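The values are calculated or read from the model by the stated rules, or taken from the named source; none is laboratory data. Just so we're clear, the structure is a prediction, and the values are computed from it rather than from any experiment. Here the Cβ positions follow ideal geometry from the backbone for every residue, glycine too, while neighbour counts run over all protein chains shown. For accessibility, only protein heavy atoms count, side chains too; no ligands or nucleic acids. Shrake-Rupley method; radii C 1.70, N 1.55, O 1.52, S 1.80 Å.
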Amino acid sequence: MTETHEGEKAVMPKVLVVMGSDSDLDQLLPAVDVLKELGVPVEVTVASAHRSPDRVIQIAKLARSKGFGVVLAGAGGAAHLAGVFAANTTLPVVAVPIAVDTLGGMDALLSSVQMPDGVPIASVGIGSGRNAGLFAAAILSSSDEALTLRLDAFRTRQAAKVIEADAKVQTKLSSR
């Protein structure tokens with residue numbers, strides 16, 4: 001929850017995770033998981049820029065009014081989903097290029113990062129759902145101090161794991 005100017009509690013914006021196909025779910029679940037871990041409300045849906053363009057446009061146009069603050073769009077192949085979303089909303093849109101058999105996700109990555117001028121999106125690496133979720137949380141944290149604190153704690157836990165891993169490596173090396 002964030003404070004409004006009148007001192008009332010405002011609901012934290014949600015993150016919308018949209019995928020072009022249900023087969024993309026496994027690569028987007030890490031985004032859902034990390035958002036939930038950070039206490040960020042998240043909703044997931046399937047909508048294809050190619051097979052259900054009217055559905056994509058409708059969801060994009062209504063996203064802000066439904067309380068979403070960031071959209072994560074996962075798609076493989078030509079990966080037009082993020083671009084179509086961005087063309088129909090002013091919310092930040094983050095592409096998650098999905099690795100598929102054809103080119104291992106390079107096609108989706110290039111489709112995402114080579115957007116034409118005027119309708120920008122951000123993009124994470126191929127299959128990087130977890131990073132997309134963390135990026136969405138960082139975007140929302142710019143106006144939510146409690147989320148900022150949760151992100152700080154998350155990063156502190158990550159750093160502690162690195163120290164633990166180093167200690168294990170040093171122990172193994174010292175016994176050689």
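List of remarks:
- On inspection, P53 fails the criterion of being in contact with a strand residue (DSSP E or B) (Cβ under 6 Å, 6 or more places away or on another chain) and open to solvent by 30 Å² or more (accessible area, probe 1.4 Å).
- Meets criteria (more than 24 Å from A146 (Cα to Cα), in a strand (DSSP E or B), open to solvent by less than 30 Å² (accessible area, probe 1.4 Å) and at pLDDT 95 or above) for G69: no
- Selection of the range 109-119 for residues being farther than 18 Å from I59 by Cα and open to solvent by 30 Å² or more (accessible area, probe 1.4 Å) yields L109, L110, S111, V113, Q114, M115, P116, D117, G118.
- Residues satisfying the stated conditions in the range 84-108, i.e. open to solvent by 10 Å² or more (accessible area, probe 1.4 Å) and at pLDDT below 95: A99, V100, D101, T102, L103, G104, M106, D107
- Filter result for the condition that a residue is surrounded by 18 or more Cβ atoms within 10 Å (Cβ to Cβ), at pLDDT 95 or above and within 27 Å of A153 (Cα to Cα), over L38, L81: L38
- Condition met for F154 (hydrophobic (A, V, I, L, M, F, W, C), in contact (Cβ under 8 Å) with a residue 40 or more places away in the chain and surrounded by fewer than 18 Cβ atoms within 10 Å (Cβ to Cβ)): yes
- Matching residues in the range 19-35 - criterion: being open to solvent by less than 50 Å² (accessible area, probe 1.4 Å) and of a type in the set (S, T, N, Q): S21, Q27
- Condition met for S141 (of a type in the set (G, A, S), open to solvent by less than 30 Å² (accessible area, probe 1.4 Å) and either under 23 Å from D26 (Cβ atoms) or in contact with a Ser or Thr (Cβ under 8 Å, 6 or more places away or on another chain) (or both)): yes
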